[in-house]
Amino acid sequence: MADCDGEVESTSAPGDIVTCYDRHDLGLLLLRLGTGGVLAAHGAQKLFGWFGGAGIEGTGQFMESVGYRPGKLSATASGLAEWGGGILLALGLATPAAGAAAAGGMAGAAAVHAPNGFFNQEGGYEYAATLGLAATGIAIAGPGRLSLDHALGHVLDRGWMVPTALGVVAAGTAVVVGTRNKRVRQEAETGGQEALFED
């Protein structure tokens, strides 16, 4: 077995020699580029108004309308999680933090779409859940050898960083989404009571 940058080549099946960059690395690269690219594009819509997006002002108004307040701060946080997390995932840099941030942003989006069911065609959370799970999977699996994390010796991709990043983001997301859901319920109840009095 030859040595590849300090790592030993392996075989994936009898008779199949695996090069330094095997199909695992190529698969992770494609997954990172696809997931990260889509996330970054959505984040750019929110932050900069690119690709037909509403920018911070328009996204902030939308965030307010669905219960995430203050709207502009929520739009900025969501945009940064998607844009920054997406770019870092695509590059394979700080993979645990990038994946966790993107997953947190998608959990927030899924909460808005959850009342519509699962499927995207009905306005459900299918799309957000898929991106969030992909980002989480990359954070857990690691970026592979075709990544900046690998080139930099994994200084931003240590094993302990995975549960730490996912745990911190999950806790923060639970607070933000929980507060938003409580606010939406209270406003729905208040609106229903006002309608009763108007009748």
Item to check | Positions within the range 25-61 being within 26 Å of Pro96 (Cβ to Cβ) and either at pLDDT below 95 or touching a Lys or Arg at 6+ places or on another chain (Cβ under 6 Å) (or both), in sequence order | outcome: Asp25
Item to check | Hits in the range 69-83 - residues which are aliphatic (A, V, I, L, M), open to solvent by 20 Å² or more (accessible area, probe 1.4 Å) and within 29 Å of Ala151 (Cβ to Cβ) | outcome: Leu80
Item to check | the range 43-64: number of residues that are touching a Gly at 6+ places or on another chain (Cβ under 8 Å) and either of a type in the set (D, E, K, R) or assigned to a helix (DSSP H, G or I) (or both) | outcome: 15
Checklist entry - Across the range 166-180, what is the total count of residues that are of a type outside the set (Val, Ile, Thr), open to solvent by 40 Å² or more (accessible area, probe 1.4 Å) and touching a residue at least 12 places away in the same chain (Cβ under 8 Å)? => result 2
Checklist entry - Which condition number in (1) surrounded by 15 or more Cβ atoms within 10 Å (Cβ to Cβ); (2) touching a helix residue (DSSP H, G or I) at 6+ places or on another chain (Cβ under 7 Å); (3) in contact (Cβ under 8 Å) with a residue 24 or more places away in the chain is the one that Asp25 fails? => result (2)
Next on the checklist: Being under 19 Å from Gly55 (Cβ atoms) and surrounded by fewer than 24 Cβ atoms within 10 Å (Cβ to Cβ) is the filter here; which residues of the range 84-107 pass it?
Outcome noted: Gly84, Ile87
Item to check | Meets criteria (open to solvent by 40 Å² or more (accessible area, probe 1.4 Å), in contact (Cβ under 8 Å) with a residue 12 or more places away in the chain, touching a helix residue (DSSP H, G or I) at 6+ places or on another chain (Cβ under 7 Å) and not small (Gly, Ala, Ser)) for Leu39 | outcome: no
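The values are calculated or read from the model by the stated rules, or taken from the named source; none is laboratory data. Remember, it's a predicted structure, so these values are computed and weren't measured experimentally. FYI the Cβ positions are ideal-geometry reconstructions off the backbone, even for glycines, and counts take in every protein chain you see. Calculation scope for accessible area: heavy atoms of the full protein, side chains included, ligands and nucleic acids excluded. Shrake-Rupley method; radii C 1.70, N 1.55, O 1.52, S 1.80 Å.
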